[in-house]
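Peer 1: The structure that follows is given in the form of structure tokens.
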Amino acid sequence: MSMKRLLVLSAFFFADETVAADRPNIVIILADDLGYGDVKCLNPDGKIIWYDLQTPKSQVFWLGGVELATGKKIRYKLQKKEWSVHFNVAPDGKLFAGDGGGPASVAAPDNGQWIYLFTPKDGEFKAEKLVNLAKHNYRLEPNVTFTPDGKWLVFRSNMFGPTQIFAVEVQKPRLI
């Protein structure tokens, strides 16, 4: 097994049971299909780890997940042009966000430079483009994140020069 396939390696010392109860739980995960960017995010409830999966590398793109309690694999296919360097999950676990990828990323030249909102449906992501990052320099990673109420996506960008923090509303206001 190569070192690239080892996701988490934690070293700890064995002791008797009285000392072991005071130590934190440690999880070691071995993954044989881990993708280019490795772990992307943890589900808000802490039950699923999400990671970039490419089968084969740079050709078919997925956001893969593993339920920690059961080992069940979850996969959402996405278009190469919608691949993102980072993904994040909404607090309710129903929506995902991505921050696109720069012109030198693994999905280049076809990938989009956008803040995306993804809705899982039938094993695929349905993407909505929220913010155009064509002028963003991806040496600064946007690191898109949902707010705790799930109503906004917050990210950083240098698309107007200096690094600034931006927020975009997840749900568009409905006209009455």
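Only the coordinates and a few stated rules stand behind these numbers; no lab work does. Here the structure is a predicted model, which is why all the values come from computation and not from measurement. We place every Cβ from the backbone using ideal geometry, glycine too, and count neighbours over all the protein chains shown.
Peer 1: In the stretch 47-89, how many are within 11 Å of the chain's Cα centre (by Cα) and among the hydrophobic types (A, V, I, L, M, F, W, C)?
Peer 2: Result for the stretch 47-89: 9.
Peer 1: Another question, then. Regarding the stretch 131-144, can at least one residue be identified that is in a strand (DSSP E or B) and over 14 Å from SER84 (Cα atoms)?
Peer 2: No, the stretch 131-144 has no match at all.
Peer 1: If I ask for residues that are surrounded by fewer than 13 Cβ atoms within 10 Å (Cβ to Cβ) and either under 16 Å from the mean Cα position of the chain (by Cα) or of a type in the set (Phe, Trp, Tyr) (or both), which ones from the stretch 144-167 would you list?
Peer 2: Answer for the stretch 144-167, where residues must be surrounded by fewer than 13 Cβ atoms within 10 Å (Cβ to Cβ) and either under 16 Å from the mean Cα position of the chain (by Cα) or of a type in the set (Phe, Trp, Tyr) (or both): just PHE160.
Peer 1: Since VAL168 meets every condition but one in (1) over 25 Å from GLY46 (Cβ atoms); (2) outside any strand (DSSP E or B), which condition does it not meet?
Peer 2: All conditions are met except number (2).
Peer 1: Residue by residue through the stretch 82-118, note down the ones that are closer than 22 Å to ILE165 by Cβ, of a type outside the set (D, E, K, R) and in a loop (DSSP other than H, G, I, E, B).
Peer 2: SER84, VAL85, HIS86, ALA90, PRO91, LEU95, GLY100, GLY101, GLY102, GLY112, GLN113
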